[in-house]
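Just so it is clear, none of the values below were taken in a lab; they were calculated from the coordinates. The structure displayed is predicted, hence computed values, not measured ones. For neighbour counting, all protein chains shown are included, and Cβ atoms are generated from backbone atoms with ideal geometry for every residue, glycine included.
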Amino acid sequence: MENSSGGEKAWEGLHSATCDDPCSFVVAESVPDGLVYDENATKYESTYNSWLKLINIANSSLDIASFYWTLTGHDINVTDPTSKPGEILLQELGKLPLKNVSVRIASSTLSFPHQHSTDLKILKEKGIHIRKVNFQKLMNGVLHTKLWIVDKKHIYIGSANMDWRALTQVKELGAVVYNCSCLANDFSKIFEAYWNLGLPNATIPSPWPSFYSTNFNKETPLEVKLNGTAAKMYFSSSPARMCPKGRTSDLDAIINGINTAKEFLYVSVMEYFPTSRFLQHVIYWPYIDDSLRKAAIERHVHIQMLIGYWKHTDKSMLAYLRSLQALGNIKKVHFDVKLFIVPVGKFRNIPYARVCHTKYFVTENVAYIGTSNWSYDYFNSTTGVGLLINQTAENNEEAGDTAHHQLKRLFQRDWNSNYSVTLDDLKDNSNFPFKINGL
């Protein structure tokens, strides 16, 4: 089915395929060392433990797509005990070919700055298949997706790159879905597209061969039992050129999720710009911004946005955030913005760390976990994926286990923590960075 726009009808799923797999959903998060919540605060499985479990249960195959690889402290000339989890993962991945597990890795030809990783060279020597995808050449972007697929039935999707800092130094949010072959097989189509674009002289096909097509999208999501509760799910992809027949684009999925919110919308992203970020001439890009304003003003949706803030933040973002915050001065409009600041503490020697890197949102009935920051470039030239889940429980006992309830609790924990500050707290920049409220 071709993608088309649709608001309320997005979740009707009258022609949705059903799946009998006993699918289970687990939030996977990275809480940086030194970031401590209250004793009774909500806790979730760590990204490290989730990835280690996926490696250990792999029987036949593991496919990973990641922007770049930096699993050892040596890669960035840092000696710190917090690099140990990444180094263990690298060792465990290297053992999989000895267990007759076929491992394929798709990564970007452009790597992260200031690092000279040998991870992929080491893994290749151990029999793991590696392909670098040149999205700079293909569409002037990068492969920014972060995904795992194990045995075509378990998946990980989230904000964490294959970087030891993503396990212990950066705040990340993702999810693992276990025992869900219907979902994993659909996810595999996205990985196969990356894998085949890693061949020499590959080009983005138009149209895409039918093999890459999907029946699961915002009009006809996959119907499953997720943690025992009925759910409708689908994957979105960006940019639009990377969406074969039937695949909802990531931007359409996000806007549709915002447009169907009636009560509340909680958003947590590292960056928010209604513009381009990496073009020589800035482009105004109002699509998400318009949907947020319309939800707050016309439908009186209570909106809370939590944005990552660190020493590399482009301060011009604050002007856009303040313009959204100002909507709260309108009668019956509830729009609040906060910044999440990870304290640097004793980790000043670690570059590109100590930041909230999450990309998710949740409404009263929709949970979204993605891999893209919210600006023009991530949806128009850079690859990303999103997982959309619509799940309503029949009673409160079940509700605690739904994906959207778990994300809601996680967001509220962060929003109310000592690490979240208002925009007004930044007016005195003499304390910047990370001294606000004692941080």
Practice item. Counting helices only, and only those DSSP H runs with n ≥ 4, report the 222 nm mean residue ellipticity of the chain as the sum of -39,500 (n - 2.57) divided by its residues, in deg cm²/dmol to the nearest 500. Key: -7000 deg cm²/dmol
**Study point:** Shape box of segment 22-438 [Cα atoms, principal axes, largest first, Å]
**Key:** 62, 50, 49
Review point. Sorted by average packing, counted as other Cβ atoms within 10 angstrom per residue and highest first, what order do 222-231, 29-38 take?
Key: 222-231, 29-38
Review point. So which GluC sites (Glu not before Pro) in segment 299-407 are both in a DSSP loop and have at most 13 other Cβ atoms within 10 Å of their Cβ?
Key: Glu394
Review point. Taking other Cβ within 10 Å of each residue's Cβ, how do Ser417, Ser60 sort, fewest first?
Key: Ser60, Ser417
Exercise for review: Please get the size of the charge dipole for segment 22-438, origin at its Cα centre, with Cβ charges of +1 on Lys and Arg and -1 on Asp and Glu, quoted in debye to the nearest 20.
Suggested key: 740 debye
Review point. List the cysteines of the chain that have no other Cys Cβ closer than 4.7 Å: which are they?
Key: Cys243, Cys356
Check your understanding: Hey, in the GNM for the chain with a 10 angstrom Cα cutoff, which one of His281, His404, His300 fluctuates hardest?
Key -> His281
Revision key, fill the gap. Exposure-ranked with fewest Cβ neighbours within 10 Å first, Ser249, Ser159 stand as Ser249, Ser159
Study note, to complete from the structure: As straight-line cross-link partners of Lys121, the qualifying lysines (C-alpha separation under 16 Å, not fewer than 8 residues apart within one chain) are Lys95, Lys132
Practice item. List the residues whose amide H sits under 5 Å from the amide H of Ser375, counting only those 5 or more places along or on another chain, with H placed 1.01 Å from N in the peptide plane. Key: Phe273
Review point. How are the C-alpha pair distances of segment 203-354 spread across 5 Å bins, as whole percents from the shortest bin up?
Key: 2, 8, 13, 15, 15, 15, 14, 11, 6, 2, 0
Point to revise | Partners for Lys43 among aspartates and glutamates (Cα-Cα distance below 18 Å; same-chain residues under 8 apart left out) | key: Glu29, Asp33, Glu172, Asp401, Asp414
Point to revise | Gap separating the Cα centres of segment 185-204 and segment 58-78, nearest whole Å | key: 19 Å
Review point. Among Ala240, Ala202, Ala175, which one moves the most in a GNM of the chain with springs linking Cα atoms closer than 10 Å?
Key: Ala202
Point to revise | Normalised per residue, the volume of the convex hull around the Cα set of segment 70-164 (Å³) | key: 114 Å³
Check your understanding: How far, in nm, would the chain grow between Lys427 and Lys126 when pulled straight, counting 0.36 nm per residue and subtracting the alpha carbon separation?
Key -> 103.1 nm
Exercise for review: Just flag the chymotrypsin sites (Phe, Trp or Tyr not before Pro) in segment 234-306 sitting in loop per DSSP whose Cβ has no more than 15 other Cβ atoms within 10 Å.
Suggested key: Phe278
